[in-house]
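No lab work stands behind these numbers, since they all come straight from the coordinates. None of these values were measured; they are calculated from a predicted model.
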């Protein structure tokens with residue numbers, strides 16, 4: 001029922017099912033024999049139908065961006081991720097008149113990060129929370145290419161090691177003062 005509501009754009013029904021009846025936002029409701037059918041994931045169904053508001057609600061209520069959603073709907077996934085870049089209210093405005101950004105990508109269950117998510121905003125990100133995902137690697141722009149980066153939270157991920165810069169020319173970021181990791 002949750003998947004149908006996501007496909008058909010019924011936000012109020014989705015809210016009622018998730019908040020009132022505690023429907024699982026990660027449950028794959030459709031199975032074929034013993035295998036889950038990916039279109040049975042609520043967030044995948046919302047992405048397939050282009051229901052942005054429902055997708056945001058699902059992410060706020062425990063759904064994660066699966067690799068299938070990221071691969072099959074890259075523009076939609078990018079939009080959802082970019083919406084979690086928040087302007088910092090108390091920062092100084094940059095010379096170009098743009099405010100710094102805080103990336104709140106914690107808990108999205110991301111299996112990877114796309115380099116193009118950073119291309120337009122890499123010079124403005126000052127705080128990046130990547131905690132509670134499924135990341136095992138980072139694109140080279142993180143953290144070395146984020147010139148305004150002050151804090152980076154990588155806790156509760158699957159990292160075994162972090163990419164190191166091969167030379168000082170790769171390091172643009174010079175202000176990072178706090179990095180949070182846990183299982184390295």
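Sort out for me the Cα centre separation of the stretch 109-160 from the stretch 51-79, rounded to whole Å.
That distance is 18 Å.
With a ≥ b ≥ c taken as the square roots of the eigenvalues of the C-alpha gyration tensor of the stretch 2-82, please select rounded if a/c is under 1.5 and otherwise prolate if a/b is larger than b/c or oblate if it is not?
It comes out oblate by the Cα gyration axes.
In bins 10 Å wide, starting from 0, what share of all Cα pairs of the stretch 36-145 does each bin hold, as a percent?
Values per bin, smallest distances first: 13, 45, 30, 10, 1, 0.
Using Cα-Cα distances under 8 Å and only pairs 6 or more residues apart, what relative contact order does the stretch 2-82 have, in percent?
28 percent
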